[in-house]
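Beneath this line is the structure, given in structure tokens, with notes to follow.
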Amino acid sequence: MTHQIRYIMVGGFLGAGKTTTLARLARHYTGLGKRVGIVTNDQAADLVDTNSLRSQGFEVGEVAGACFCCNFDELMSTMEGLSEGERPDVILAEPVGSCTDLVATVIQPIKRLYNATFRIAPYAVILKPSHGGRVLRNDSKAGFSPKAAYILKKQIEEADAILINRIDELDQKQADELSELISEHCPGIPVLRVSAKTGEGYDALTELLDQDGDFGRRVLDIDYDTYADGEAELGWLNSSVHVSSSRKFPLDELLLDVVSLLQDALARTGAETAHLKTIGLWEGFFGVANLVSSTTAPELSLPSNCDVQDVDVIVNARVACDPEQLEQIVRTCVEQAGQRHDAAVEFRQTQSFRPGRPVPTHRFSDPE
């Protein structure tokens with residue numbers, strides 16, 4: 001029998017914790033002696049997630065410029081590229097956090113067109129408490145319009161299992177309330193409580209992902225006009241920057257300064273943050289800082305613990321505001337962060353835009 005690759009796709013809204021989850025899963029399967037490949041996805045190049053995962057030693061392919069569903073052929077060629085050396089046993093895939101309808105446009109096409117090559121694992125979707133709870137409660141202060149909230153709701157509706165992440169930051173009452181909200185909105189879909197940061201709940205998650213069965217069958221009726229409008233409300237920015245100084249400075253402080261200054265500046269404009277993430281790369285060392293919502297604190301998710309004189313920094317921002325305004329705010333805040341460390345800032349490449357209307361390569365509305 002032909003060796004099949006286990007295809008594990010983990011979805012979820014922007015800032016849900018997908019990259020940290022994939023890294024933890026990659027370590028798990030590598031520890032079992034399996035060969036693992038990872039595929040990341042973004043609407044533009046210069047993705048923090050790709051650089052972060054590669055810096056942790058994983059083999060990573062990137063599909064940039066469009067989501068998996070709209071660039072399906074590149075997804076398949078990227079996965080094939082991961083197989084050029086030794087064929088992986090497991091491929092972990094991270095779709096763009098503003099995408100939904102992935103069962104009909106990614107999982108079903110793989111099942112129908114590449115059934116001999118891949119075995120489909122249960123499709124797990126992560127819910128981040130900060131936005132998920134507010135959206136499911138239909139809170140008027142959810143931070144996003146109903147059209148953007150529509151995407152988050154549809155993401156969890158098509159899941160084989162829903163993961164409440166950051167369980168280490170929630171008390172029992174908060175976790176129970178989220179579980180009840182999910183069960184009311186998505187009756188019958190299993191709910192797991194996990195922490196990508198600490199690993200809590202991951203034995204249950206890997207047990208779920210190792211199951212064989214007919215997964216990826218929850219094909220939804222999607223209003224593509226609402227979906228497109230919801231995506232277009234987000235300003236999208238990827239920027240690569242070089243920071244240099246005549247003296248050494250703490251890289252982790254610089255990264256946290258960038259994120260903290262951005263949080264304050266965006267709060268003054270009333271723009272809701274879906275996700276901010278920045279990585280600093282220097283001679284084999286790296287650090288990552290991020291912000292997952294306007295109401296949470298900036299976090300140094302992967303400390304570098306090093307001092308640098310010059311460093312390459314990548315900033316990714318997904319914010320509900322005009323992309324031109326977002327670019328100006330990012331430039332100002334990064335320059336201010338550099339000034340705090342007596343460092344010069346050189347912007348090398350910046351892409352800022354609103355995502356275009358999704359146009360899937362394939363869409364199968366009748367699950368196989």
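The values are calculated or read from the model by the stated rules, or taken from the named source; none is laboratory data. Quick caveat: nothing in here was measured; it's all calculated off a predicted structure. Neighbour counts run over all protein chains shown; Cβ positions are idealised from the backbone, glycine included.
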Checklist entry - Hey, any hits in region 221-242 for a residue that's closer than 15 Å to Leu152 by Cα, among the hydroxyl-bearing types (Ser, Thr, Tyr) and within 21 Å of the chain's Cα centre (by Cα)? => result yes
Checklist outcome for this item: Listed by first then second residue, the pairs whose first member lies in region 159-175 and is over 15 Å from Ala124 (Cα atoms), whose partner is part of a strand (DSSP E or B), with beta carbons under 7 Å and at least 6 positions apart or on separate chains, are Ile167/Arg193; Ala175/Ile164; Ala175/Arg193
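Matching residues to (1) farther than 24 Å from Asp160 by Cα; (2) touching a Leu at 6+ places or on another chain (Cβ under 8 Å); (3) modelled with pLDDT of 95 or more; (4) assigned by TED's automatic domain parsing to the domain that holds Asp203:
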position: Lys18; (1), (2), (3), (4): no, no, yes, yes
position: Ala23; (1), (2), (3), (4): no, yes, yes, yes
position: His28; (1), (2), (3), (4): no, no, yes, yes
position: Arg35; (1), (2), (3), (4): yes, no, yes, yes
position: Thr40; (1), (2), (3), (4): no, yes, yes, yes
position: Ala45; (1), (2), (3), (4): yes, no, no, yes
Checklist entry - Which pairs have Cβ atoms under 8 Å, sit 6 or more apart or on different chains, and link a residue in region 177-195 that is in contact (Cβ under 8 Å) with a residue 12 or more places away in the chain to one that is of a type in the set (Lys, Arg) and not in a loop (DSSP other than H, G, I, E, B)? => result Ser179/Arg193; His185/Lys153
Next on the checklist: For the list (1) in contact (Cβ under 8 Å) with a residue 24 or more places away in the chain; (2) under 19 Å from Asp46 (Cα atoms), I need the number of the one condition that Pro303 fails.
Outcome noted: (2)
Item to check | Number of the condition not met by Cys69 [criteria: (1) in contact with a strand residue (DSSP E or B) (Cβ under 8 Å, 6 or more places away or on another chain); (2) not in a helix (DSSP H, G or I); (3) not basic (Lys, Arg)] | outcome: (1)
Next on the checklist: Every residue in region 50-65 that is over 14 Å from the mean Cα position of the chain (by Cα) and surrounded by 19 or more Cβ atoms within 10 Å (Cβ to Cβ), please.
Outcome noted: Val60, Gly61
Checklist entry - Can you find a residue in region 156-165 that is of a type in the set (S, T, N, Q) and surrounded by fewer than 17 Cβ atoms within 10 Å (Cβ to Cβ)? => result no
Checklist entry - Scanning for something of a type in the set (Ser, Thr, Tyr), over 19 Å from Gly12 (Cβ atoms) and either in a helix (DSSP H, G or I) or touching a Phe, Trp or Tyr at 6+ places or on another chain (Cβ under 7 Å) (or both), does region 38-54 turn up at least one residue? => result no
Item to check | Single match in Glu283, Glu207, Glu272 (criterion: at pLDDT below 95, at negative phi and among the charged types (D, E, K, R)) | outcome: Glu272
Next on the checklist: Going residue by residue through region 107-116, is there one that turns out to be outside the structural domain of Glu299 (by TED's automatic domain parsing), out of contact with any strand residue (DSSP E or B) (no Cβ under 9 Å at 6 or more places or on another chain) and charged (D, E, K, R)?
Outcome noted: yes
Checklist outcome for this item: The correct count of residues that are of a type in the set (A, V, I, L, M, F, W, C) and over 12 Å from the mean Cα position of the chain (by Cα) in region 1-22 is 3
Checklist entry - Looking at region 267-368, what strands (runs of 3 or more DSSP E) fall wholly within it and have at least 3 residues that are buried (at least 20 other Cβ atoms within 10 Å of the Cβ) and not assigned by TED's automatic domain parsing to the domain that holds Ser98? => result 273-282, 285-291, 307-319
Checklist outcome for this item: Within region 176-227, the count of residues that are among the small types (Gly, Ala, Ser) and surrounded by fewer than 17 Cβ atoms within 10 Å (Cβ to Cβ) comes to 6
Item to check | Members of region 101-142 that are in contact (Cβ under 8 Å) with a residue 40 or more places away in the chain, part of a loop (DSSP other than H, G, I, E, B) and either touching a Cys at 6+ places or on another chain (Cβ under 9 Å) or surrounded by fewer than 21 Cβ atoms within 10 Å (Cβ to Cβ) (or both) | outcome: Asp101, Ala116, Thr117, Pro122, Arg137
Checklist entry - Looking only at residues in region 72-96 that are more than 17 Å from the chain's Cα centre (by Cα) and part of a loop (DSSP other than H, G, I, E, B), which one is surrounded by the fewest Cβ atoms within 10 Å (Cβ to Cβ)? => result Glu84
Checklist entry - Going by the structure shown, is Thr30 surrounded by fewer than 24 Cβ atoms within 10 Å (Cβ to Cβ), within 23 Å of Leu302 (Cβ to Cβ) and within 13 Å of the chain's Cα centre (by Cα)? => result no
